[in-house]
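The values are calculated or read from the model by the stated rules, or taken from the named source; none is laboratory data. Everything numeric here is computed off the predicted structure, so don't read it as measured data. Please note: Cβ atoms are built from the backbone with ideal geometry, for glycine as well, and neighbour counts cover all protein chains shown. Surface areas here come from the heavy atoms of the whole protein model, side chains and all, with no ligands, DNA or RNA. Shrake-Rupley method; radii C 1.70, N 1.55, O 1.52, S 1.80 Å.
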Amino acid sequence: MTGPSVPLSCRELVELVTDYLEGALPADEQARFQAHLEACDPCVGYIEQIRLTVTAAGRVEEADLDPASREALLAEFRGWKRG
Amino acid sequence: MTAFAIRLPFDPLTGEDGGPMAWLKDRLAGRAKTDGRGADAELVARLRAGDEQAFMELVESLGPSMLRIARMHVRDRATAEEVVQETWLAVLNGLDRFEGRSSLRTWIFRILTNRAKTRGERDGRVVPFSAVINADAASGEGPSVDPDRFFPADHPKYPYGWAAPPVAWTQERVLERETLEVLKEAISRLPDSQREVIRLRDVEGWSAEEVADALEISDVNQRVLLHRARSKVRAALEAYLDPTPEAA
């Protein structure tokens, strides 16, 4: 296996995090990224913060539909049911 | 020297840790579990049978996003509400044509987007939303992390390495009500296109494909917008949780 040619810096890594997590990095870039992570605890810590950010976003409640819209849609459904 | 394999808290790509992190890895990688085909088929059958509860559950879960997305294409909220109503009627009338090739959600949002665009054009909205969102993605923005947090390029040991590394957060602290308020506030301050992408992806758990499809943007732009949104929201959480990260 050939090692990654040019090492990635931390400042570059933070710009590639989403592409990495989305599996969108080309194979050689991904190798550079992983090689960096294996040697860099602060960058692992950064990705952990992104992970927690995503977890927290998943706990945010979306606003409910307002009652008027809900009623209008229910009426629409009943009308459709009657044909 | 022996090469040590540092154990990451999780491996987002190989999914090596099948434990409680598995769902999150799916989520991070945009493979969020959405309603499976079986669940869609069952839901469609219930709707056809006139099951009000099934309809209202669907309306509750998709309604707020539908309204937001419609609103991006048309000029005011009242028009967006009309488009959403028309969409539901089209969905109900078209149930027999739904073949399950895409998910029910994707199919509904395609109908919504088409109707909203048509309505926006008819009302003379000059710039279509997809043009705005693509321009947003193409425009340059600042770096994801404040450059002052890194050593300069000529640092003898760590060129562009962390000078003030991120501090570890505990999950408990991050999930506290106050922290979630900070996060919500940060999302609300994002530009429209970034806000919509992070809401659909991370708040609602849609897949990357579904978001690109519903917003009619490329996969690349979906990732660019998500990256900017997540980076800014992380920075906002950091400003709240550790206001003064110490230099190493």
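Data overview
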read-out: Entirely in the range B:134-248, the helices (runs of 4 or more DSSP H) that have 2 or more residues that are of a type in the set (Ser, Thr, Tyr) and either under 30 Å from residue A:64 (Cβ atoms) or more than 7 Å from chain A (Cβ to nearest Cβ) (or both); value: B:177-188, B:219-241
read-out: Output for the range A:9-24, where each listed residue is in contact with a helix residue (DSSP H, G or I) (Cβ under 7 Å, 6 or more places away or on another chain), open to solvent by 20 Å² or more (accessible area, probe 1.4 Å) and not charged (D, E, K, R); value: A:16, A:24
read-out: Cβ-Cβ under 8 Å pairs, at least 6 apart or on other chains, the range B:103-130 side at pLDDT below 90, far side among the small types (Gly, Ala, Ser) and open to solvent by less than 20 Å² (accessible area, probe 1.4 Å); value: B:128/B:120; B:129/B:120
read-out: Entirely in the range A:12-83, the helices (runs of 4 or more DSSP H) that have 2 or more residues that are closer than 28 Å to residue B:242 by Cα and facing another protein chain (nearest Cβ under 7 Å); value: A:27-39, A:41-57
read-out: Pick from the range B:127-181, criterion within 23 Å of residue B:223 (Cα to Cα) and among the charged types (D, E, K, R), ranking: nearest to the chain's Cα centre (by Cα); value: B:136
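Condition check ((1) open to solvent by 50 Å² or more (accessible area, probe 1.4 Å); (2) under 16 Å from residue A:48 (Cβ atoms); (3) touching a Gly at 6+ places or on another chain (Cβ under 9 Å)) across all residues:
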site	(1), (2), (3)
B:125	yes, no, no
B:130	no, no, no
B:133	no, no, no
B:137	no, no, no
B:142	yes, no, no
B:148	yes, no, no
B:157	yes, no, no
B:175	no, yes, no
